[in-house]
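The values are calculated or read from the model by the stated rules, or taken from the named source; none is laboratory data. No experiment lies behind these values; they were computed from the predicted model shown. Cβ atoms come from the backbone with ideal geometry, glycine included; neighbour counts cover every protein chain shown.
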Amino acid sequence: MGLYQAVGQCKYGLLDRSVRLESKITNELCSAWWKALEIANSKLEPCKFSPIWYNPDFQVNNQPLHLAVWEQNGITHLHHLFSDNTFMSYTNLLQKYKIKNGNFLHYLQVKNIIKKRIPTLQSTLRPPALAEAIIKLSPTTTKTLSKIYKLLLSTDTIHLPISKWESDLSISPEPDFWTQICDNAFKMTKYTNLQLIQYKILHRTHITQYMMNKMGFSDSDICLQCSQNTADAYFHALWLCTPVKNFWTNVSEKLSAILNCRIPLSPSLCLLGDLTTTDLPRKQSQSLLVVLAIAKKTILVNWKNKQSLNINLWLNLLINHISMEKISASNKNQLLNFIQTWSLYVNYLNLNLVT
Ligand SMILES: [Zn+2]
């Protein structure tokens, strides 16, 4: 289901209960897009890439606009109706899209509705700057998603839920603290998968029991994975929940042994990637962020069954990652760099990596 179609149907109450979750997710996607536009200081105006059908911007008598035949004939987005930044004439439209004559009233209706929303029909219908930047990223290039996140992070303002983190962790850091945390998420590794995990955690995007309850999909917000009888809020799910806390305790002990240096059991370090709590050389602190991201990946993989969390799951993912780093380093003739970064882990875990 197309994004706008789903939003349109949701908005007009056309969805049944079975697809409520899908519509909820769609709404979240729209909210994310609108938020992204806000972050990038882009205006939410129709542009040449705006869909025409089921778009809440284009309504007729409070109903979504939709002409099935026009859609089937290839008219789906605003740029299909414009030629040289001017609304196409009826005759040109019929010729270009092979629509039968007898659609003049529909033509007038569509033109009128769109004209109301776009006061100047000579408008260039230029997309928001963010959309233009995303379009420039060819989908065939690698790390597209990572580049989009970087784009959003490149604005001056930090849009993390800072106050929630500061309240949960009882911290009141310096202003540049959060800029550093954002930078660390991308500088620690070139692997998009881990960058994305860290980015999503910083933005608290994972669905908890508390969130399910808030969205109306569950009768209770109490965590079902421990016996604390407390709400499964984000910080609980990622840190305080009993099996998760035990897991983090084991991770911190294991890391202290590997690095021969005390790695504190600190949510600021483990969750946010705040390196001020340790005193490691640069290469080791970079790999520490990576292994902590892998620990978070382990928690997310076991998100619905946290009782099964254990240190070996993390170690297995860690060994896979180090093997991948080794292969990549060999191919790029960067083995020295690999050794400087990972030798403590390789030695401790007794890894016999194939050269
Ligand atoms: Zn719990």
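Brief remarks on what is shown
- Conditions (1) in contact with a helix residue (DSSP H, G or I) (Cβ under 6 Å, 6 or more places away or on another chain); (2) more than 13 Å from the ligand (Cβ to nearest atom); number of the one not met by Gln225: (2)
Conditions tested, residue by residue: (1) surrounded by fewer than 17 Cβ atoms within 10 Å (Cβ to Cβ); (2) not in a helix (DSSP H, G or I); (3) not β-branched (Val, Ile, Thr).
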site	(1), (2), (3)
Ala257	yes, no, yes
Ser287	no, no, yes
Ile319	yes, no, no
Met324	yes, no, yes
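Matching residues to (1) over 22 Å from Ala32 (Cβ atoms); (2) at pLDDT below 75:
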site	(1), (2)
Leu130	no, yes
Ile135	no, yes
Ser146	no, yes
Leu151	no, yes
Ser154	no, yes
Ile158	no, yes
Ile162	no, no
Ser172	yes, no
Ile181	no, no
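- Among the candidates Trp303, Trp342, Trp314, residue that is assigned to a helix (DSSP H, G or I) and in contact (Cβ under 8 Å) with a residue 60 or more places away in the chain: Trp314
- Unmet requirement for Leu280, which otherwise passes all of (1) in contact (Cβ under 8 Å) with a residue 24 or more places away in the chain; (2) not in a helix (DSSP H, G or I): (1)
- Scanning segment 234-254 for residues that are near the ligand (Cβ under 10 Å from one of its atoms) and within 22 Å of Met215 (Cα to Cα) yields His236, Ala237, Cys241.
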